[in-house]
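First the structure, in the form of structure tokens, and then the observations on it.
The values are calculated or read from the model by the stated rules, or taken from the named source; none is laboratory data. Keep in mind the model is a prediction, meaning the values are calculated, not measured. For neighbour counting, all protein chains shown are included, and Cβ atoms are generated from backbone atoms with ideal geometry for every residue, glycine included.
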Amino acid sequence: METIGDFLNKMRGICKGTITLKPNKLLFLVGLLAVLMSTSGCTHKPVQRAGTAIVAGSLKLNGQPVRGGNITFISQSDPDNTATCRIRADGNFAVADAPIGEAKAIVDTESTKGFLGDRYVKVPEKYWKFESTELTLAIKEGENMVALEMK
């Protein structure tokens with residue numbers, strides 16, 4: 001991998017003194033280049049908090065994938081302990097920090113309705129709220145694969 005110094009030396013060779021940068025602009029460009037190089041080609045793995053688990057699976061409504069929106073897992077013993085993730089276009093989701101134990105899931109497609117276009121799926125209101133959702137699951141330590149079905 002090319003270092004910033006290598007890059008600047010190469011640029012000096014290409015430009016042959018035709019470009020003069022003030023120190024503050026040079027510092028900005030070097031900083032921008034460092035940020036771009038540090039983020040390019042990297043894969044991001046979600047960080048799992050202690051006392052949480054991975055939950056991955058699919059979400060369907062009447063047998064059809066819910067093709068966007070958000071799903072939130074809420075601990076039944078501590079409703080302040082939650083984890084939210086996006087539902088992908090294929091109806092699958094994955095969250096790394098779901099609360100361990102008995103939990104409920106609520107589904108929100110309304111807040112993303114404008115972005116989903118023809119992928120928008122109207123979810124019955126009972127699945128929007130902790131008090132009324134019928135999506136319940138027991139989240140165990142480690143990885144949990146689930147298939148959630150709404151009717």
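Do any residues in segment 76-93 that are among the aromatic types (Phe, Trp, Tyr) have Cβ atoms under 6 Å from those of residues that are not in a strand (DSSP E or B), where the two are at least six apart or on different chains, and which pairs are they? Within 6 Å, the pairs are Phe93/Ile87.
Could we say that Ile139 is over 19 Å from the mean Cα position of the chain (by Cα), surrounded by 18 or more Cβ atoms within 10 Å (Cβ to Cβ) and modelled with pLDDT of 95 or more here?
Values: over 19 Å from the mean Cα position of the chain (by Cα): yes; surrounded by 18 or more Cβ atoms within 10 Å (Cβ to Cβ): yes; modelled with pLDDT of 95 or more: yes.
When the stated conditions are applied, Ile139 passes them.
Among the numbered conditions (1) assigned to a helix (DSSP H, G or I); (2) touching a residue at least 24 places away in the same chain (Cβ under 8 Å); (3) of a type outside the set (Asp, Glu), the only one that Gly114 does not meet is (2).
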